[in-house]
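Have a look at the structure below before the remarks.
None of the figures in this text is laboratory data; all of them are computed from the coordinates on show. These numbers were taken from a predicted model, which means no experiment stands behind them. Please note: Cβ atoms are built from the backbone with ideal geometry, for glycine as well, and neighbour counts cover all protein chains shown.
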Amino acid sequence: MAKSAPRKAKAADKETKAAQAAVPSANAMDLLAAMGLDFATTMDIESTLAGALRRIAGYVGAEAGALFMLGSGGTMLRCHACVGPTNIVGLSIGAGQGIVGRVVQTNKGEIVRDVEDDPQFDGQVDAKTGFTTRSILCAPLSVKDERLGAIELINKRGGDNLFEQADLTLLEALASSAALAVLNARMAAELVEQERVRHELELAAEIQRSLLPPPEGPDFPAHGVNLPARTVSGDFYDFFRLDDGRVCFTLGDVSGKGMNAALLMAKAASLFRCLGRTVHEPGRLLGRINFEIAETATRGMFITMVAGIYCPATGRVRFSNAGHEPLQLHRPDGSFEEFPADTPPVGIVPGAPGEAFPEVEAALDGGALYVFTDGVTEGYTAEGVELGIDGLKDILIRDATAVAADRLASVARVLAAGGGERGLRDDVTIMAIDDASAADGRSAHPSGRVAAPAIAAVPVMTLRLPAVADRLRLIRAAIGETVRSLGGAEETAHDMVLAVDEACQNIIRHAYKGDSKGEIVIEISQEGAKLIILLKDFAPTIDPSTVRPRNLGDVRPGGLGTHLIREVVDEMVFLKPPPEGGNILRLVKRIG
């Protein structure tokens, strides 16, 4: 009996310690509070995890420890923090490998008092590092059924270096608190990231809106509406007036959604605004844009796009349709004419910089041309059915007497109502080129045409070359390239090359009479849609009346150059020579 008393006392003492460990002490509560504060006051989860592990290992009295977190795929465990003589941060093991993996899979803490007795103990780390593992304590990092990882402590300091059951109970309590703190920190970080993304999307949307043209007055022929289905849009439209009074316009729809589509949209819109100022042929303009987009567009992305030029003075519109929805021309008599695409979208087939897409020309005759994305016809009405092309036409017919901007607003209202709380099905973009106001002006003008505004000539290029025949090749190349760069057709460039070449030959042969010391100055400028070329020489001033084309019935050689020049240009006239003498020939050709 005397001997059994000490045994009972030891057993009671052990039970008391276990019971005390089951409820965290005041020091343990302080530790939990400190860990919670760390996670709440920092966004650096990695450093906070390392700090928490140091606190836990020190409190439990472990020689070493490691904190493993599950990867995004849930198949690997990676060490994010460690304490002790060996640094294993970055070490990855299978999610079911070793004692740590077993604890994560079962979501239950384990104590291995002596690793030699556990066949699942993996001694590879010990073999690589030289560290000796005797006892392991491991507890899962989890919140309910959400498993985050595990904390592993190695070798109890002092005594036999073996952990007790009370140590596991304490570690489980600390790990549970740490897991909750990690989860809260992750959620906070996600909220911050979501807020950052939201802010960036709003900024991107603001930039996109700045790329759209500002609203014009009711008499302006072009109007547009854009309703993004999300914060940013893959649709765009633009229009601006050229110096000669014509209106250049475009509308496009980028494939895909999200930021990639928005970025490609911004690039295409910027290219149109930049190139459209000088390239006045819609087909060639789309060819230039296609060349740029096809080089850099993300694989699989493309743009259905329309580019065109409308002339208020004639009521005619010329456009090119690259894979886009058919354009609809609503005539004053109520009928519609459709213009489908006749070429693939922009960005699919790489092309050369000078390649031109096919063009179509039509007379609006007081009607309106509508260009829109598929978000219009595929959008829902308030009745829950697709608007369709017939529904769009019904709205346009119903509001035919309203100004163009109000017609587009009616379409937008119908689709916005159909989207309701669920939002739009797709981006909605529609543009109108309305000829009604210009047609009224044309009928009121005595000539039947709107007077073109006075446009100041814009200098383009000046050449100063010796009056020798071997320099004509350079002149021909410069003239041809300049005409093409200003939007002139290939036929126009060819005509102007012939005219200037013939005029320069006349200067060399007749004005300078072959004197190689003479000079020719060629000044090229643009006045709206007109190309103006001045050819100056410093030879004796001639009498323009003597420069007459020879009768075509006269078969003598020579003398037909003036006929050729007058045939290919719109205007040929000698200007008053400067006081110092010489001659100035003015050639004018319409290139728009």
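Things worth noting here:
- Given charges at beta-carbon only (K, R positive; D, E negative), |dipole| of region 458-590 in Debye: 200 debye
- Close amide H partners of Asn321, meaning residues 5 or more places away or on another chain with modelled amide H under 5 Å apart, are Asp342.
- Distance from region 375-408 to region 95-167 (C-alpha centre basis), Å: 68 Å
- Rh by Kirkwood over Cα pairs, then Stokes-Einstein D for region 212-444 at 1.002 mPa s and 20 °C, µm²/s: 121 µm²/s
- Note on Phe131 and Arg273: the extension gain reaches 44.3 nm, defined as 0.36 nm multiplied by sequence separation minus the Cα-Cα distance.
- Amide H contacts of Leu91 (H built 1.01 Å from N, in plane; Pro and chain starts excluded): Cys79 sit under 5 Å, all sequence-distant by 5 or more or on other chains.
- Note on His563, His330: ascending count of other Cβ atoms within 10 Å places them as His563, His330, the fewest first.
- Here the dipole of region 212-444 is about 620 debye; that uses its Cα centre as origin and unit charges on the Cβ of Lys and Arg (positive) and Asp and Glu (negative).
- At R0 = 41 Å, FRET efficiency that the Cβ-Cβ distance of Asp440 and Glu502 yields, to 0.05: 0.40
- Sites Asn27 and Ser47, calculated FRET efficiency, Cβ-Cβ separation with R0 30 Å, nearest 0.05: 0.80
- The order of Val500, Val112, Val346, going from fewest to most other C-beta atoms within 10 Å of their C-beta, is Val112, Val500, Val346.
- Taking Phe236, Phe291, Phe302 and counting other C-beta atoms within 10 Å, the order from fewest to most: Phe291, Phe302, Phe236
- Residues in region 518-527 carry Karplus couplings, in order, of x, 10, 10, 10, 10, 10, 10, 9, 10, 10 Hz; the curve used is 6.51 cos²θ - 1.76 cosθ + 1.60 with θ = phi - 60°, and Gly or Pro positions show x.
- Distant-in-sequence amide H partners of Arg425 (H built 1.01 Å from N, under 5 Å): Tyr380
- Each Lys or Arg adds one and each Asp or Glu takes one away; over the other residues whose Cβ falls under 13 Å from the Cβ of Asn161, this sums to -2.
- Per-residue ³J(HN,Hα) for region 56-66, Karplus 6.51 cos²θ - 1.76 cosθ + 1.60, θ = phi - 60°, Hz, x for Gly and Pro: 5, 4, x, 5, 6, x, 9, 6, 8, x, 8
- Vicinal HN-Hα couplings computed from phi for region 111-118 (Karplus, 6.51 cos²θ - 1.76 cosθ + 1.60; Hz; Gly/Pro x): 10, 10, 5, 9, 4, 5, 8, 10
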